[in-house]
Amino acid sequence: MDLFPIFLKLTGRPCLVIGAGNLAESKIESLRAAHGNVTVIAPHASPRILDLAASGEITWHQREFAAGDVSTTLRPYFLVVTATDVPTVNRAVYLEATAADIICNAVDDPPFCDFYFPSVVRRGDLQIAISTAGASPALAQRLRKEINAQLPLDTGDWLTDLGNLRREVTQMEPLNESRKLLLHQLATREVCGFDQCPSRTLAREHAKTNPMPTESK
């Protein structure tokens, strides 16, 4: 199966989850972590999901799924997750989403998924996502644990400093092969936030030999 790997901005986008038990809980947390606007439909909910609904962090409709919930024109959804323990419900949700051109994930039912939730290693803005296209979530989880154990805990802080330095370089130097090589070099070095950081000094010295062109009048 050929999948398109993508990191998607969900901030403020309406997301629908059918189900509010253990299967749904981790999916809801993942959508919330990406700042999706989550609506949940389920007759019962886990304690964690009850807390999220009570605090206004999600919207919970306490009822069974009904035809038309996915394709409603009152609130068009960006994506749908169905995570009930009733396969016929999950598949009905998927078919309705497909008819409305809304991407859908039926948890633990790969043939009825347009996308999969990967196993993810996070360090600040760094995310490493692992997918087996639903073939073996256990393998994806094992690989996540192995990568997580090898990746330094301060990688996120280093990436923040590297990102700040990259922005400085792009303001000092024109887009060309020399700047590209410098950015690749900086990505292999220690970078810190203080002004006299050796990597920041290197970038400034490099900019002297590769300055921004001046505008002609």
Legend entry - In the range 12-50, the residues that are closer than 15 Å to F117 by Cβ and among the polar types (S, T, N, Q): N22, S26, S30
Legend entry - Residue tally, condition surrounded by fewer than 19 Cβ atoms within 10 Å (Cβ to Cβ) and either under 30 Å from L162 (Cα atoms) or not hydrophobic (A, V, I, L, M, F, W, C) (or both), over the range 82-115: 11
Legend entry - In the range 35-63, the residues that are in contact (Cβ under 8 Å) with a residue 24 or more places away in the chain and part of a loop (DSSP other than H, G, I, E, B): H35, G36, A42, H44, A45, S46, E57, I58
Legend entry - Near pairs, Cβ below 7 angstrom, 6+ apart or cross-chain, from the range 10-25 (closer than 15 Å to A53 by Cα) to any residue that is outside any loop (DSSP other than H, G, I, E, B) and of a type in the set (S, T, Y): L16/T39; I18/T82; G19/T82
Inset, instruction - Go through (1) part of a loop (DSSP other than H, G, I, E, B); (2) surrounded by fewer than 13 Cβ atoms within 10 Å (Cβ to Cβ); (3) among the β-branched types (V, I, T) one by one and return the number of the condition T132 breaks. - result: (2)
Legend entry - Condition met for P76 (in contact (Cβ under 8 Å) with a residue 60 or more places away in the chain, more than 19 Å from the chain's Cα centre (by Cα) and part of a loop (DSSP other than H, G, I, E, B)): yes
Legend entry - Checklist (1) among the β-branched types (V, I, T); (2) part of a loop (DSSP other than H, G, I, E, B); (3) free of Cβ contacts under 8 Å to residues at least 24 places away in the same chain applied to T88, failing item: (2)
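Coordinate-derived values only; no laboratory data. Small disclaimer: the values here were computed from a predicted structure and weren't measured. Here the Cβ is made from the backbone with ideal geometry for all residues, glycine too, and neighbour counts use every protein chain on show.
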